[in-house]
Amino acid sequence: MSEGLWHPVHLAGSLILLLAACGDGNDNAGVDEENDEENTAAEDGGEDERDITELTAEDWDVETVASDLEVPWSLAIADDLYIMPSRDGHIIEVQDNETEQTELETSDPIAHEGEGGLLGFILAEDESEVLRGFAYYTYSGETELKNRIVALEKQNGTWAETDILLDQIPGSRIHNGGRLALGPDGYLYATAGDANVPDLAQDKTNLAGSILRLTPDGDVPDDNPYDDSYVYSYGHRNAQGLAWNSEEELYSSEHGPTAQDEINIIEAGNNYGWPEIEGDESADGLEDPAIHSGNETWAPSGTAFYEDVLLVTGLRGESLYAYDEEAGEMATVFDGEGRLRDVKTDGEYVYLLTNNTDGRGSPGDDDDRLLRLSIDE
């Protein structure tokens, strides 16, 4: 993304990959967030259509777009510009094989503590020739960590906060959520973790443990399920993925306590059960997940759809997963690059962010990296 080249972020693309992300750990519990903290790619008209859910790492051509990145947390793409927030508070931009990193100017210093820091980032959908966007970050409140959602603008070569849209989202060293996405309805969606206080997720009057919905100006949409509330759904432990399919159904990835990671189909006003139920447990008035990981740990993070196949990145699982809804299974379709934080598709490629420098991985000499995948024909 560069000035004068602003286009909407391509959040979904053309690849049938389903990703099950592996999460950050839980510093207090000593378990990864993963557990507790934190193609049809077939050629059109071809006789040999390929089922993405049956692919493996050997079926991809892999190119490194950028390397030596420091804890990149999310990815936005506009034409040939790639923008990534670094958890320590910098904005990384990659264009024409050049990488530039600048500090984000914010109203309060970004608190890079545990899983907290500069997390979600997306571009605004407007026709301005100035790059604009939104970010989710952690800061130090009067007595404890908090999170907020802000509007950003690139001014004189530097990204700066221009407005606070939603403040005082409960925070902690773990379970901050942090994913941002623009929905097909034009509204902003954000995942807020339970801030390591599970009971908050069952309190509709609290922003923690929820998926939040707001206008790009920071107002409560008139059709939100609760009057004067940003809460769209609740009962979430630490959701980190948001993606819509072609039917405009919202899917979210969520870290479980010890395994029991989830993929949920989100509907307005629904209660997704944490901490009352997990795994195969059910209760009246609480939503069951579309699929959960059982005794396995995905630690799912970023998600994206390719031709209505959900792709999910795994942190502790160190894999890209594709959700085979018909079979009710998560398939590992790519691995071997360590922890994966985010995924995007642009109609031709699948882009992955590694997260081996987040304190829980084993970084290589050139980690972290932005990878571009295409199916090996």
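Structure notes:
- Whenever a residue of segment 333-347 is of a type in the set (Val, Ile, Thr), its partners that are part of a strand (DSSP E or B) and surrounded by fewer than 24 Cβ atoms within 10 Å (Cβ to Cβ), lying with C-beta atoms within less than 6 angstrom and at least six residues away or across chains, give the pairs THR345/GLY13.
- For segment 83-117, the set of residues classified as among the acidic types (Asp, Glu) and within 19 Å of LEU180 (Cβ to Cβ) consists of ASP88, GLU93, GLU105, ASP108, GLU115, listed by residue number.
- Some residue of segment 169-189 being within 23 Å of ILE83 (Cβ to Cβ) and of a type in the set (Ser, Thr, Tyr): yes
- Condition broken by ALA66, with the remaining ones in (1) in contact with a strand residue (DSSP E or B) (Cβ under 6 Å, 6 or more places away or on another chain); (2) over 29 Å from GLU262 (Cβ atoms); (3) at pLDDT below 95 satisfied: (3)
- Residue within segment 210-228 that is among the hydroxyl-bearing types (Ser, Thr, Tyr), touching a strand residue (DSSP E or B) at 6+ places or on another chain (Cβ under 8 Å) and outside any loop (DSSP other than H, G, I, E, B) present: yes
- For segment 345-364, the criterion of being closer than 21 Å to ILE265 by Cα and not aliphatic (A, V, I, L, M) is met by at least one residue.
- Residues located in segment 188-209, provided they are assigned to a strand (DSSP E or B) and of a type outside the set (S, T, N, Q): LEU188, TYR189, ALA190, ALA192
- Checking GLU113 against (1) surrounded by 13 or more Cβ atoms within 10 Å (Cβ to Cβ); (2) under 21 Å from the mean Cα position of the chain (by Cα); (3) more than 22 Å from ASP194 (Cβ to Cβ), the condition it does not meet: (3)
- Qualifying positions in segment 331-348 - under 20 Å from ILE83 (Cα atoms) and either part of a strand (DSSP E or B) or modelled with pLDDT under 95 (or both): LEU340, ARG341, ASP342, VAL343, LYS344, THR345, ASP346, GLY347, GLU348
- Selection count, segment 171-195, where residues are closer than 14 Å to LEU145 by Cα and surrounded by fewer than 24 Cβ atoms within 10 Å (Cβ to Cβ): 1
- Pairs, first more than 18 Å from GLU267 (Cα to Cα) in segment 185-208, second outside any loop (DSSP other than H, G, I, E, B), C-beta under 6 Å, six or more apart: ASP194/LEU200; ASP194/ALA201; ALA195/PRO170; ASN206/LEU200
- Residue within segment 320-330 that is assigned to a loop (DSSP other than H, G, I, E, B), buried (at least 19 other Cβ atoms within 10 Å of the Cβ), modelled with pLDDT of 95 or more and among the aromatic types (Phe, Trp, Tyr) present: no
- Considering the conditions (1) touching a strand residue (DSSP E or B) at 6+ places or on another chain (Cβ under 9 Å); (2) farther than 19 Å from ASP358 by Cα; (3) among the hydroxyl-bearing types (Ser, Thr, Tyr), THR297 is excluded by exactly one of them, (2).
- The listed residue being assigned to a strand (DSSP E or B) and in contact with a Phe, Trp or Tyr (Cβ under 9 Å, 6 or more places away or on another chain), out of SER233, SER246: SER233
- Residue pairs whose Cβ atoms lie under 6 Å apart, separated by 6 or more positions or on different chains, with the first residue in segment 37-64 and over 30 Å from ASN97 (Cα atoms) and the second modelled with pLDDT of 50 or more and not in a loop (DSSP other than H, G, I, E, B), are THR53/ALA322; THR53/ASP324; THR53/ALA331.
- Taking the listed residues ARG316, ARG339, the one that is basic (Lys, Arg), out of contact with any Phe, Trp or Tyr (no Cβ under 6 Å at 6 or more places or on another chain) and under 14 Å from GLU254 (Cα atoms) is ARG316, with no other qualifying.
- Identity of the residue in segment 63-86, assigned to a strand (DSSP E or B) and either small (Gly, Ala, Ser) or in contact with a helix residue (DSSP H, G or I) (Cβ under 6 Å, 6 or more places away or on another chain) (or both), that ends up nearest to PHE334 (Cα to Cα): ALA66
- Flag: PRO198 matches the condition of being closer than 30 Å to ALA283 by Cα and not polar (S, T, N, Q).
- Matching residues in segment 159-187 - criterion: being of a type outside the set (Gly, Ala, Ser), more than 15 Å from the chain's Cα centre (by Cα), assigned to a strand (DSSP E or B) and within 16 Å of ILE122 (Cα to Cα): TRP159, GLU161, THR162, ASP163, ILE164, LEU165, LEU166
- When restricted to residues that are over 23 Å from ARG173 (Cα atoms) and in contact with a His (Cβ under 8 Å, 6 or more places away or on another chain), segment 64-103 contains 5.
The values are calculated or read from the model by the stated rules, or taken from the named source; none is laboratory data. Predicted, not measured: the structure shown is a model, and the values here were computed from it. Please note: Cβ atoms are built from the backbone with ideal geometry, for glycine as well, and neighbour counts cover all protein chains shown.
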